[in-house]
Structures are given as structure tokens and as C-alpha cells.
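Participant: My questions all concern the structure below.
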Protein chains: 4
Amino acid sequence: MDRKEINAILEEAIALGKEAIPNGEVASYIPELSKADKNHLGLSIYTKDGRRYNMGDTDVRFTIQSISKIITLAVALEACGPEEIFAKVDVEPSGEAFNSLIDLDTTSNKPKNPMINSGALTVTSLLLNKTTFSEMRVFARKLCQDPEMDLDKAVFNSERANISRNRAIAYLLESKGIIESDVEDTLDLYTKMCSLTVTANSLANLGLTLANDGIDLSTGTRLLKTETVHMIKTIMLTCGMYDSSGEFAVHVGVPTKSGVGGGLVSTVDKEMGIGIFSPSLDEKGNCIAGRPVLEHLSKELKLHIFEWQSRIVDQVKPV
Amino acid sequence: MDRKEINAILEEAIALGKEAIPNGEVASYIPELSKADKNHLGLSIYTKDGRRYNMGDTDVRFTIQSISKIITLAVALEACGPEEIFAKVDVEPSGEAFNSLIDLDTTSNKPKNPMINSGALTVTSLLLNKTTFSEMRVFARKLCQDPEMDLDKAVFNSERANISRNRAIAYLLESKGIIESDVEDTLDLYTKMCSLTVTANSLANLGLTLANDGIDLSTGTRLLKTETVHMIKTIMLTCGMYDSSGEFAVHVGVPTKSGVGGGLVSTVDKEMGIGIFSPSLDEKGNCIAGRPVLEHLSKELKLHIFEWQSRIVDQVKPV
Amino acid sequence: MDRKEINAILEEAIALGKEAIPNGEVASYIPELSKADKNHLGLSIYTKDGRRYNMGDTDVRFTIQSISKIITLAVALEACGPEEIFAKVDVEPSGEAFNSLIDLDTTSNKPKNPMINSGALTVTSLLLNKTTFSEMRVFARKLCQDPEMDLDKAVFNSERANISRNRAIAYLLESKGIIESDVEDTLDLYTKMCSLTVTANSLANLGLTLANDGIDLSTGTRLLKTETVHMIKTIMLTCGMYDSSGEFAVHVGVPTKSGVGGGLVSTVDKEMGIGIFSPSLDEKGNCIAGRPVLEHLSKELKLHIFEWQSRIVDQVKPV
Amino acid sequence: MDRKEINAILEEAIALGKEAIPNGEVASYIPELSKADKNHLGLSIYTKDGRRYNMGDTDVRFTIQSISKIITLAVALEACGPEEIFAKVDVEPSGEAFNSLIDLDTTSNKPKNPMINSGALTVTSLLLNKTTFSEMRVFARKLCQDPEMDLDKAVFNSERANISRNRAIAYLLESKGIIESDVEDTLDLYTKMCSLTVTANSLANLGLTLANDGIDLSTGTRLLKTETVHMIKTIMLTCGMYDSSGEFAVHVGVPTKSGVGGGLVSTVDKEMGIGIFSPSLDEKGNCIAGRPVLEHLSKELKLHIFEWQSRIVDQVKPV
């Protein structure tokens, strides 16, 4: 498939995304997030053979929010080892909204998975005496090949002022002996990671790094172990889209993680990374334009995990 | 990898499975199932290039139980179309045990997914005026290439005598307008499908049919549409192992469905089907030997969905 | 307080009740119930010194519905003994709607109390081989001093045709070994008891029988043991008004049981019975006019359980 | 009934309580509480005609813990009015353990009642800008006629060091806009109130103050309004014994509140107050000896709310 054909498909996808935008709403639970321009829509694709496709608002900066959960998890898996992580956090899709306390307080003594807040806070707590925010930021910049990735101070302050629910979750975790580090430090690092800025472009880079077995395509440097990358991609597939993860896996079939800042990162195994930015959210907190965009791409470019052959990358060879 | 190397890996897997057997228990909630021989263990692999590996009790007949849910779903997706099915049943992993009533009665008015009893009963109800048990059996035999697949009358009668919980679920579904067909007929067809007999060998055939895009490898006949096969495999991956599905996806990474009769069917996309029989179950109702067997196979043969290349099938070409 | 003063208070109460009627709705889940005249309002009081006050539609017949739960419980307490009953059913207020399945399926293996459907069905099942509907009807007529109390066949048939949810509950109870009698027979007796007809007048009689230590005031015959009457009144107080029982106890403070047919029976210990009929229901399923009527009576006549002295009955002497 | 007869009954009650002690455990979740002497048992009764019965360890000081919830509620009802309180907190028995988060996070946006921690924290928060701990202590001393009631600093510090769960609850309440005062100040006042010391004797005084319409019997001073006392007694009856409140109401029938320090206060309307101290707790967190003691007293002295006549106080006249 040549660039022209692909561009036509991307244009169709963008058009479908734009149709969906009015049905969503910009996140309002944090005042600073509510200032986003609802009509922004950026789509960036970066393929394993080095091609890049950018459409729309791919350079607008926004906060990474929950997408940081996969970066934090990746760092923690390598710093602590899967055994330590999974002793504290399960990896079962929760069937609950991202900030639910119910499962935690009833059936289980472990957060259901690292993509919901209770799980991500627990994973963050395990990193406290192993690394710093500054080091995390350096590593995040590498994963996204985005040297400008930095704290959005206005968003950070706004989140810090609206942190009661996460604080409740974190103290509940402490009361159950799940968080053993300092709770306030945990909240601080967690909130800072959520307040890092990215673009659709940097998310596409992140997606490709994951699709490329953890290796930065531009430099050939391995950033993550194969084992870590497998786990991250599987968890994105089963838990990445809050409580519509299962439905998304069936109909789109591409490991994807969303953030309430409007970002989406998708990783098409061995083929490409996709970054989307559009701050209008559906009722589950996922970027509302992302769904039709990705469904169209999945169908036209044959990206579903169980497709027989992608059409965008003609020759995929194992490294 | 040659046959000898592969056989060595299978032998290791079998040995690991045997170690796990004493930690489980044969299903006891239905008297007839409790008669199974706890020490049985069979492992059957059928590859896309036509090779077959059988170890242990691969010819012992047992009832398919919940594995029938994927057959019923496949038939329903083709007979009714995905839209009609997914209007009645979600596809979100439930984070609940297979026969839970909670989600259904609280947060949602739809069964969470077609792999839990409420979802499977709903799917079955949609088939009532489209097909018969007799036709379903014919089709199941084709999918499994097992002409001897038939009702185990002793198990069927035993299940019918212990059906209160499923009857409760079915009437709850009727009370919510989800089941609109006759409840008793729905229960009858559902229970009959669960009481069909298979072997590890026939489950490997079923797994390969799914891995092979819905085409019977031996005859070249297409039995299921590509779209249906994608959906089935994705749902097996996210919901196939009850409330350990997420953990199984991370650590094994092969779409698999279990049944309390002790069966497991796995499908390694484009490569192979795996059938396992071992009636000793873990506390979630999954065959307890299956986990170490499949984890070993996944690791040694590189079967995880995000692996770069399987080692068992040397040349995988798209059809 | 003389009859004239009391009549003035009742008139005020009725006026407050009439104001509330438009805010409610007649029960619609059973077609036959939805035919009730929303504007009906009857208030009947029968005091221990033999006085009777009737206002409004006190002779209109309607079905007793959940108020039958206290009659069934009373019979069961005497026929089986409290120990057998409370081995099967707790007496904790449930904090859940009357036909909830959740508690039953999660935290507990016992219905929370005999005033919710699961509890009442269990109590009914314990009576199956001790009595018959015909005998129950005879006894209900005595408790209510209402010889015309009989099955409303249209309502009975309508309920029988809409019984899926209760059937689900009953089979769930069977699956847990809580109901050991025949499920369909249990449902039949339960539904027949709900379909008995009463009037506000007969409910006032029932209330006085309970206030009068279980003795029919008119004949002096003891119908229920003191111990049974204590239990019934306490359970009415803590569980009689579904999930507004606690709030009702605080603000009205009179043991009361409601039915979706629009009936309310209240029992002012040692003093009086109150019967109300008004089929417009609030969102919890309680007669919406009943609340302001009873709150006014409680305040003006000093009826709260912790009041120092009722004003309606001047001299209360122990029997 | 003369003093001798009554003393005999109390001795029987104490004997029954002692039998139960070994089946319970001293509270262990706070280290300081675990130091209590499990074999302590004190029973104090103070009647409306001025008699006092003390048996066993009635002068041992212990912390009031959850019994402070009724003092705080009483103060708040008078300082803020019932309307403001009940706009923030329901009064439905919760059917959940005392520190459950579930209901709060799902079905409701209000704590279920003021006797569970979420409700008590909310009530406390409403008092923050109306009073101080010092004033609350003064008033508590009056209600209990116990001038030595003071902060147990060791317990207070121990609780403050184990406050994660209450902190989680309080921040969850803040996140939902239910607590609008400073969360840490709320936790401080709440914990201080729980750490006040009492004796079985002072609890009997508190019980009689409530039984006596809010009037201090020794001075004739009204401490609480009639309306407040009605509400407190009703809430004690329906919600005072955690999730065994309903069962306790049926079988004992005396408004009672427990604390994990081992205290119980009961109020027999218009007749007497009962204070019990025994730190061995049952699995629901109630003093395990208290149940047989109170059940025996209720039966022998006819104390159930629906009894026809108490035997201990011969002539009860309204004030």
C-alpha cells in the first residue's frame, strides 16, 4: 500500500473522528483540563520501516495523564521485577471504572490491575526508593523520543488541588498494607507523572517503541526488555480502555491506552505506533474520536491482533 | 525445531502438569462429574502444517462443559449477526466468577460477556428459533472434526438435576427482558451443549480450526467467517479463563477456553491448536494442570500473542 | 383527647396525604395493579378501648401484597419455632430494595430478613408441609377480623404471569440449599398470600391485634403468642418500609409494614392499629400518602415508640 | 421486685457474660487497645427511681470509642438541626461492617447512618466550626455525670498512628463534597472523641440520661431536647450494634451502642440506663459478654421495647 492510499485512509479516519467529537465532553473534574480545545484532533502514525504520517493537531502539547501508567509500570517491572509487582497488583480487567474503590474493599486485597488508579498508585509506591521523578522524566522522554516532555505546572497544581479521591485510595491501600512507602510522596510522584506533556507525535513514538520490542527505532537502543514489552502490551489490550477494554479488543483489536487529557497510544505489534490527541471524552473517560479513528484504521489497514497480514507494512521480518 | 525437540518440550510440560494435579480437585457440584479420574492428563497439538503431537490421555472422552460456549457463540454470531448478539451481551471481562449474578443485578442490564453463564444462556436463547440441538451437534462435530461427539446422558441428567442456579440466572434474565425465548427450552439446549463429549484430540482440532481462520485444515472447507473467528479468539483471550483471564493472557498469552469437565482448548493464531484434558480443577474452575503445561509451551515454543516468531512452525505464510 | 379533637387531627392528616398523592405512581410492574385508582385514600384507626375512626376509602378492597409477609412470618414463627426460622433467615435490615439479589449472592448465605422477597419466600417454603393456603386464609381472616378476605384472582393471575424475578430468587435459594421444599409450590403459596384482599379497615384490625399482644380485642381470643408479636413488631420497625425503614423509624417511630397494593398497617404498641390505603407509591414502593399521614398522627397523637405518653388513649393498663 | 431479687438476676447475667468471654478477642487493630484485660466484666444499672446496681469491674476506665458517636450526633443535632445533619447522612441500617466503604462508593452519595465511621466523620465535620474538643468534653462529662472523663493519650496516639482507613474514608467523603471542613481537623476531633475514657458506671449514667428524656436525673437539668433523644434512641435501636443491630433488636429489644473499647450503653426508655464493660469482642466488634448479659436482663426484667411492663421499676409516671 503506497503513501497516497494510506493518506486517504487516514483522512477518512480523521473525518469519522471529527463527527464523534460533539458527542463527548472535555474532562471537567480538574479545572485546568477543562480549558482544552474540544475540537482538537491529531493523528500520528510511525511505522517500523520508518515512515511517519501526521494529520491534524499532532504537535499540540497536552498532559499524558493515565498513559503515564504504562511508563510507570514498565519502569517498575524492570526495577523491581514482575514477581514483586504482581505480588501487590493483579492484572485482571476490573469491569469497574478507573477510580473505583469497590473491588479493592471487598473481594480482593489487591488492586485489580495496574491501569486503574489503585493499581497505578501501588506500582508508583514501589518505585519511590528506586528512582526519582527527574529520572522517570528522562526515561519517559526516551520512550517517547520527545525531549520537551515536561511537567505542565498549571495542570499539576490543579490536580494537586483536586486529589481527594486519589488520596482516599492511597490511604486505603496503606491501611491494607499494600502501599508501604510514604503515601504523600506516592501521590506526588503519581500526579507528576500524570502531568507530563506529550503530543500525538510523541505518543506514536511510544507506540512504535512497544511495537518494536522495546527498541528505539531511530537509534537501535533497547529501552525495555522483551518480557516487559509483552506484559505491557497484553495489559494494554485487556485493561487499557477502562471498562470498555473488552469491547475495544473485539472490535479494534489493537493494544491501546487512553488518558483523560485526550491522548491515546496504540501499538500494532511489529508494525507501528499510533498516537491520537482529541480531548473530547466519552462517558468512560476515553477520547471519543479515538474509537472511530482506530476502528477505521484497524479495518482498512488490517491491524487487529488476529488479522492475517497488515497492509501498511509490506515486509515484516523478525529482528 | 524438529519433532524430537518438540516432543522433549511436551514431555517437560506434561511432567509440570502432573506435579500440579494433586493441588486441584475434580468438580463436585454435579455428582456425575465427580466420578472423573483426577490423574488423567492428555495433551494434543495439531499444527497448521499438519503435524499432530499426542501425549497421555488424549482419547479419553469427557464433557465439553463451558468450552461449548465458544461454539454456541460462533454459531450465534453467524446466525444472528454480531449486532443482535452484542445488543444483548457485553464483551467486558467481568472480574467475577463464571456463575455470578452480581453485575447483572446491579451496574448493568446486560450480561458482562458470553463466557459467563448469564451471557452464554442469553446467547443460547437467541438461537432457539434458528436451530436445534441436533444441528448444533452436527456443526460442533465439524468444528472439532470429531464425528463421535455426542450427548453424555449420565452427565446431562446429573446437570439437569442440579440446575437451580442456572435456572435462577435464566429467570432473572427473563425478568429483565434479556431472555425472550422460553426459559426452560434455553436451559435445555444450554445443558445439552455442555454435555457433549470431546477428547483432548478433538479440542486440538477445534483450536486449529480457529487458528486457521475458521477453515477445516483437513478438507479446506471454511466453517466460520473471518470476522467471527477474530471475535471468538479475542473473547477467549480476554474472558476465556474466568477471573484469571487477565493474568493468563499476561503470562501465557494464548487464547484459551476452559471447561469444568477438565478440558482446555487453545488457539495459537495461524499456527496450531492445543487440546488438554485433566479434570483436576483449581479454585477458579480451570484445569489446574493446564496452566503449567501451557506456560511451558508458551515459553519454549514462543507462543505468546506478542512473540516475534513461533519456533514450532517454521514458515508461516498467509493463505 | 375527645373524638372531635382526634377527628380534626385525622382530617389534617388526610389533607397532607392528598397533597402527596400526585408525586407518586401506581405500581406498574404487574398490569393488574396498574388499574388501581391513584386518588383513593383511606385511613382507619382502631383503638384498644374499642373506638374506631374511619376516613375516606376505608372499605375499598385491594390486595395485601407484602403485608402478607408479616402474617406468613407470624404463622411460621408459631408453627416452626423462631430457631428454625432464624437458622434460615436473618433479621438484619438490608439496606437494599425489596427484591434485591445482591446480598444473598455475596456476603451472606441467608436472606437478610423476612420482609424482603428472598426472606419471605424462604419463610413460605418452611410452611409448605405444615399448612395449606386455605388454612392460612382462615387465619389471616381472624387476624384482620375480615371474613371477606379472599384471593383476587385477576391480580393472582397477573402476578403469576410476571413472576420471573421471584422465580429467579427462589431457584437461587434452592441452589444454596436454603429452600428445600418444592420451588413452584413455594411460589404458588407466596403469590396467593400476596393476592389476598383487605381494606384499610381490616388492616387497622390487624394492627390492633398486634398492639394488643396478639389478642383479638373483639373476642378476647389469643391469636398469637406474646413472643411472636414482639418479634413481628420489632421486625416491622427495623425492616418494614424497605430501604427507608431507618428513616421512617426516626421520624415516625411506629412499626409499619407496606405493600405495593397501596396498603400500610401500623401498630402503636398497647394502644391502636392504623390501616391506610392509597395506591400511589413512592420510588421505594411505599404508599406515598402514608408517610405524611403517619408523621402527622405520630406528632399530634404522640405515637413514637419513645414518646412518654400517647394522647389518644388516656388510660393504658396492662392486661 | 426488690433489690435482692434484682441482684440475683444481675448475678445470673454476669455469670452468663463470663461464660462468653473466652469466645471473643480483645481489639487488636490498634496496639494500645490490645493491652486490655480480656477478663474484665463490669455491669452497672442506674434506674429512674434513683437506685444503682454495680457488679464487677464498674470503675475500670477504658476508652469510649464508637459510643462517642451518639454523643457527637446528639451535639450535632442540637447545634446544626436535624435537617442539616440528615441532608448529609442517612439513617438507614447499613447491613455492612462499621467501616465499610462500599455503600458510600456505589449506591449512595451519603453515608448510610451516623453510627458507621463514614457517617460519624461527616457528623463530626459539621461541628468543626461550631465547637471545640474542649467544649465537647465538658458536655460529654455532663451527659455521663463523669467529671473524670478525659483523653487517654496512649490510646489517642495509638489510634492516630493507625488512622489510614479512617483517613481514606474522610478523603473519599471530601472528594464527594460530603465533608467540606478540613479533613485532618475532622479526623483529629473524631479520634479525640473516641479516646475519651469512661467506666461502666458512667455509661449507665449516659443511658439513664437518654431514658429520662435527656434530663440529668441527679440535678433535674435538661441536657438534650426531647426530639434529639428520640432520634438518638431510635438510631441506637436500628443501627447501634453494627450489622447485628436487627437481630439484637428482635432478641434484646433495648437501644444499645457498642464501642471496640469493650463498652456498651443501653437505655431502657423511661426506666433505666445500663453500662457494661468487657473488652473481649465478638467478630462484629461488639462486646461479646454484653449479649448474654443484656438478653438475660431483657427477659427477666421485661425490658424489650414491646414488653407490657418492666418489672424493675414499679411505677412509671410521665414527668
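Participant: Can you list residues whose amide H is under 5 Å from residue D:287's amide H, if they're 5+ apart or on another chain and H is modeled 1.01 Å from N?
Facilitator: D:259, D:282
Participant: Semi-axes of the equivalent ellipsoid of segment B:20-98: what are they in whole Å, largest first, if each equals the square root of 5 times a C-alpha gyration tensor eigenvalue?
Facilitator: Details: eigenvalues 179, 91, 30 Å².
Over the Cα atoms of segment B:20-98, the ellipsoid semi-axes are 30, 21, 12 Å.
Participant: Which of the three applies to segment B:125-167, rounded, prolate or oblate, going by the alpha-carbon gyration tensor with a ≥ b ≥ c and a/c under 1.5 meaning rounded? Intermediate results must be reported in sequence, preceding the final value.
Facilitator: Working: a/c = 2.97, a/b = 1.35, b/c = 2.20.
Because a/c hits 1.5 or more and a/b fails to exceed b/c, segment B:125-167 counts as oblate.
Participant: OK, next. Step through the table entries A:270/B:69; A:130/A:225; D:192/D:225; C:270/D:284; A:88/A:284; C:112/D:112, compare each Cα-Cα distance with 22 Å, and write down the pairs that go over it. Each step should come with its number before you reach the end.
Facilitator: Numbers: A:270/B:69 32 Å; A:130/A:225 18 Å; D:192/D:225 25 Å; C:270/D:284 34 Å; A:88/A:284 26 Å; C:112/D:112 17 Å.
Where the Cα-Cα span goes over 22 Å, the pairs concerned are A:270/B:69; D:192/D:225; C:270/D:284; A:88/A:284.
Participant: Now for a different question. Applying the Karplus parametrisation 6.51 cos²θ - 1.76 cosθ + 1.60 with θ = phi - 60° to the phi angles of segment A:247-257, what ³J(HN,Hα) value in whole Hz is obtained for each residue in order, glycine and proline being reported as x?
Facilitator: Whole-Hz 3J(HN,Hα) from phi for segment A:247-257: 5, 5, 5, 5, 8, 10, x, 10, x, 9, 10.
Participant: Could you work out which residue, out of D:63, D:219, D:47, moves most in a Gaussian network model of chain D, that is, has the largest mean-square fluctuation with Cα springs under 10 Å?
Facilitator: Maximum fluctuation in the GNM of chain D, among the listed residues, is at D:219.
Participant: Give the separation of the Cα centroids, segment B:257-293 to segment B:165-188, in Å.
Facilitator: Spelled out, the Cα-based centre of one part sits 28 Å from the other.
Participant: Also, quick follow-up: Hey, if you put +1 on the Cβ of every Lys and Arg and -1 on every Asp and Glu Cβ in segment D:139-247, which of D:181, D:168, D:208 ends up farthest toward the positive end of that dipole?
Facilitator: Towards the positive end, the residue furthest out is D:208.
Participant: What is the Cα coordinate range of segment B:183-238 on the first, second and third principal axes, sorted by size from largest, in whole angstrom?
Facilitator: 37, 24, 22
Participant: Pairwise over distinct Cα atoms, reciprocal of the mean inverse distance: report the Kirkwood radius of the protein assembly as shown in Å, one decimal place. Kindly include the intermediate steps, with their values, before the conclusion.
Facilitator: Numbers: mean 1/r = 0.0299 Å⁻¹.
Answer for the protein assembly as shown: a Kirkwood hydrodynamic radius of 33.5 Å.
Participant: Straight-line reach only, C-alpha to C-alpha below 15 angstrom: list the aspartates and glutamates that residue D:18 could link to, leaving out same-chain residues fewer than 8 apart.
Facilitator: D:37, D:57, D:282, D:295
Participant: Something else: To the nearest 0.05, how large is the calculated FRET efficiency for residue D:1 and residue C:219 if R₀ is 45 Å and r is the Cβ-Cβ distance? Show your work: numbers first, answer last.
Facilitator: Numbers: r = 33 Å, r/R0 = 0.73.
My answer for the efficiency is 0.85.
Participant: Can you give the charge dipole size of chain B about its Cα centre, rounded to the nearest 20 debye, using +1 on the beta carbon of Lys and Arg and -1 on the beta carbon of Asp and Glu?
Facilitator: Details: 34 positive and 44 negative charges, 93 e Å.
For this selection, approximately 440 debye.
Participant: Here's a follow-up. What residues have an amide H closer than 5 Å to that of residue B:60, excluding those fewer than 5 places away on the same chain, when H is modeled at 1.01 Å from N in the peptide plane?
Facilitator: Counting only residues 5 or more places away or on other chains, the set is B:200.
Participant: If you don't mind, another one. I need to check one value: relative contact order of segment A:216-274, counting alpha carbon pairs closer than 8 Å and at least 6 residues apart, in percent.
Facilitator: Values: 53 pairs, mean separation 12.3, N = 59.
After rounding, I find 21 percent.
Participant: Using 7 Å Cα-to-Cβ label points, what is the residue D:227/residue A:283 separation (nm, one decimal)?
Facilitator: The answer from the label model is 4.1 nm.
Participant: Something else about it: Apply the Karplus parameterisation 6.51 cos²θ - 1.76 cosθ + 1.60, with θ equal to phi minus 60°, to every residue of segment D:30-42 and state each ³J(HN,Hα) to the nearest whole Hz, in sequence, with x for glycine and proline.
Facilitator: With coefficients 6.51, -1.76 and 1.60, one gets 10, x, 5, 5, 5, 7, 4, 7, 4, 8, 4, 8, x Hz.
Participant: Please compute the contact order of chain A in relative form: average sequence separation of alpha-carbon pairs under 8 Å and at least six residues apart, divided by the residue count, as a percent.
Facilitator: Numbers: 654 pairs, mean separation 88.7, N = 319.
Reported relative contact order: 28 percent.
Participant: Just want to confirm a number: the relative contact order over segment C:137-253, from Cα pairs under 8 angstrom separated by 6+ residues, in percent.
Facilitator: Working: 85 pairs, mean separation 29.4, N = 117.
Value for segment C:137-253: 25 percent.
Participant: Okay, moving on. Would you look at the GNM of chain B, springs on alpha carbons closer than 10 Å, and say which of B:156, B:306, B:62 moves the most?
Facilitator: In the Gaussian network model the winner is B:306.
Participant: When the Karplus curve 6.51 cos²θ - 1.76 cosθ + 1.60 is applied with θ = phi - 60°, which whole-Hz ³J(HN,Hα) does each residue of segment A:46-54 get, with x for Gly and Pro?
Facilitator: 9, 9, 5, 8, x, 7, 10, 10, 10
Participant: Which one, B:45, B:274, B:179, has the greatest fluctuation when you compute a Gaussian network model over chain B with C-alpha springs under 10 angstrom?
Facilitator: B:179
Participant: Taking each full run of DSSP H in chain A as one helix, which ones are at least 24 Å long along their axis (Cα atoms) and have mean Kyte-Doolittle hydropathy of at least -1.0? Kindly include the intermediate steps, with their values, before the conclusion.
Facilitator: Working: long enough: A:3-20 (26 Å, -0.11).
Flagged H segments are A:3-20.
Participant: Obtain the nm distance between the two label points defined at residue D:131 and residue C:87 by a simple spin-label model: each point lies 7 Å from its Cα along the Cα-to-C-beta direction.
Facilitator: Between residue D:131 and residue C:87, the simple spin-label model gives 4.8 nm.
Participant: Can you give me the P(r) profile for segment B:136-204? Cα pairs, bins 5 angstrom wide beginning at 0, each as a whole percent.
Facilitator: The percentages, shortest bin first, are 4, 16, 22, 18, 15, 14, 9, 2, 0.
Participant: Could you tell me the largest-minus-smallest coordinate of the C-alpha atoms of chain A on each of the three principal axes, in descending order and whole angstroms?
Facilitator: Here the spans come out as 57, 42, 37 Å, largest first.
Participant: Moving on to the next point. With r defined as the distance between the Cβ atoms of residue D:80 and residue A:18 and R0 fixed at 60 Å, what FRET efficiency is calculated, to the nearest 0.05?
Facilitator: Efficiency computed from Cβ-Cβ geometry: 0.70.
Here, each number is a calculation from the coordinates, and none is a lab measurement. Since we're looking at a predicted model, the values are computed, not measured. For neighbour counting, all protein chains shown are included, and Cβ atoms are generated from backbone atoms with ideal geometry for every residue, glycine included.
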